[in-house]
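Written below as structure tokens is the structure these notes are about.
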């Protein structure tokens, strides 16, 4: 049976991905800060207490996964704190970079021994991290954190190519979750598009930036 780890799995896109992969017959490991009733109803393996600002929680998660070999690792957890030039709080900006960029790369490096040849390492990012696509400004912390995540994920794709581990860098679209104020497409639709991208991910597509609808995005 194939095995997948999904971070930020207690709600939104992460919850739908956990549901989808459970339906596909995967053993699902769902990591989150705090579980939710919808997640518990799925009957997946839940790890509570994952805090992307605290490296100790990474070590605890690694212990929880003792003996597990992952086919897919999906780094989905993240935060968005809206800001503009006048309102940007630099402590909040630093927190977004820590959670959205440093945390996923750090966690991925720690869990690399659990990924074998032909496994897939996924980063749920945002087209707001695209410099070429930025036509509206603002969102300093979120844009900077996602641009940094994209850069780190591309480096991972290059470094992991000899190990035959493919890296996916995927934008889920505007999804109706708490993060977006419930505006956008249904989380299930986003999850299905993302799962299709994971399925198509190959060494040739590793390290490239895709929208969940299949469109390749600019950096």
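Brief remarks on what is shown
- Subset of the stretch 166-188 that is over 23 Å from residue 96 (Cα atoms) and outside any helix (DSSP H, G or I) - its residue that is modelled with the highest pLDDT: 166
- Summed over the stretch 189-204, the residues that are in contact with a strand residue (DSSP E or B) (Cβ under 7 Å, 6 or more places away or on another chain) and in a loop (DSSP other than H, G, I, E, B) give a count of 3.
- Where a residue in the stretch 196-216 is at negative phi and without any contact (Cβ under 8 Å) to a residue 24 or more places away in the chain and its partner, wherever it lies, is buried (at least 16 other Cβ atoms within 10 Å of the Cβ) and part of a strand (DSSP E or B), with Cβ under 8 Å and at least six apart: 216/209; 216/210
- Exactly one residue among 47, 64, 123 is modelled with pLDDT of 95 or more, within 19 Å of residue 207 (Cα to Cα) and in contact with a strand residue (DSSP E or B) (Cβ under 9 Å, 6 or more places away or on another chain), and that residue is 123.
- Enumerated helices (runs of 4 or more DSSP H) restricted to the stretch 2-84, each holding at least 2 residues that are under 18 Å from the mean Cα position of the chain (by Cα) and over 20 Å from residue 191 (Cα atoms): 55-64
- Candidates 113, 117, 186, filtered to the one that is out of contact with any strand residue (DSSP E or B) (no Cβ under 8 Å at 6 or more places or on another chain) and without any contact (Cβ under 8 Å) to a residue 24 or more places away in the chain: 113
- Selection count where residues are farther than 17 Å from residue 67 by Cα and surrounded by 15 or more Cβ atoms within 10 Å (Cβ to Cβ), scope the stretch 108-124: 5
- Residues located in the stretch 22-59, provided they are free of Cβ contacts under 8 Å to residues at least 12 places away in the same chain, under 26 Å from residue 160 (Cα atoms) and surrounded by fewer than 17 Cβ atoms within 10 Å (Cβ to Cβ): 54, 56
- Which listed residue, of 174, 128, is without any contact (Cβ under 8 Å) to a residue 40 or more places away in the chain, loosely packed, with under 14 Cβ neighbours inside 10 Å and touching a helix residue (DSSP H, G or I) at 6+ places or on another chain (Cβ under 7 Å): 174
- Looking across the stretch 131-165, the residues that are within 16 Å of residue 80 (Cβ to Cβ) and not in a helix (DSSP H, G or I) come down to 134, 136, 137, 138, 139.
- Close pairs from the stretch 131-158: first without any contact (Cβ under 8 Å) to a residue 60 or more places away in the chain and on the phi > 0 side of the Ramachandran plot, partner in a helix (DSSP H, G or I) and buried (at least 20 other Cβ atoms within 10 Å of the Cβ), Cβ under 9 Å, at least 6 apart: 137/143
The values are calculated or read from the model by the stated rules, or taken from the named source; none is laboratory data. A quick note: this is a predicted structure, and the numbers were derived from the prediction, not measured. As a convention, Cβ positions derive from the backbone with ideal geometry for all residues, glycine included, and neighbour counts pool all protein chains shown.
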